[in-house]
Amino acid sequence: MSETNEETGLNPQQEQAAYMLATGAGVQEVADELDVHRSTLWEWRQQATFEAFYNRLLSEIRADVKEGLVGLYEDAIDTVRQCLNSDDERIALKAASRVIERVEALEPGRTDPHAILRDRHTSTLSEDMEEMMSPSFNREGYEQDCEELGIEPK
């Protein structure tokens, strides 16, 4: 049996399976490629170490995709402008409607720095406990951040 990576808690075959699944390969495709049964993949996926590694890969992939999308942002804006100025009224109307929907959906954040700092220093317990107990407020951390920003705590 392959040696387990101390950092991930998985052997190389499990790491490869997690990577393949995270990048969009189907379960049967992974099973065939790694020469394991689908039930073996299912068992691996039940392991916390596999799930954690898989989730870490998804987070990294998502971050890479976001960075790539940011690079396309200006091109996307130009395309929307072109659609808005299209001679085809249906295209222009659809583009205009989407822009309006997106702008109307924007929810501005808090404008009071005290409220923002209070939110940052109010932590909740686990979701299961959240219903039973109220959030705890870290007054000391809040006051320290206010001091660093040069504002008086409220």
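None of the figures in this text is laboratory data; all of them are computed from the coordinates on show. Quick caveat: nothing in here was measured; it's all calculated off a predicted structure. Cβ atoms come from the backbone with ideal geometry, glycine included; neighbour counts cover every protein chain shown.
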Note down the nm distance, to one decimal, between modelled labels 7 Å out along Cα→Cβ at K94 and at L34.
4.1 nm
For segment 1-91, what's the relative contact order in percent, using C-alpha pairs closer than 8 Å and at least 6 residues apart?
25 percent
Once phi is turned into ³J(HN,Hα) by the Karplus curve 6.51 cos²θ - 1.76 cosθ + 1.60 with θ = phi - 60°, what whole-Hz value does each residue of segment 33-46 show in order, with x for glycine and proline?
4, 8, 6, 10, 7, 4, 5, 5, 4, 4, 4, 4, 5, 7
Please turn the phi angles of segment 63-76 into ³J(HN,Hα) values with the Karplus equation 6.51 cos²θ - 1.76 cosθ + 1.60 (θ = phi - 60°), one per residue in order, whole Hz, x for glycine and proline.
5, 4, 5, 4, 4, x, 5, 4, x, 9, 4, 4, 4, 5
What is the set of long-range amide H partners of T122 at a cut-off below 5 Å, with H atoms built 1.01 Å from backbone N?
N138
For L10, residues with placed amide H under 5 Å, excluding near neighbours
N5
Scanning the chain for GluC sites (Glu not before Pro) in DSSP loops with at most 14 other Cβ atoms within 10 Å, what's the longest stretch left with none?
8-130
Footprinting exposure proxy for H37, H114 (fewest neighbouring C-beta atoms within 10 Å first)
H37, H114
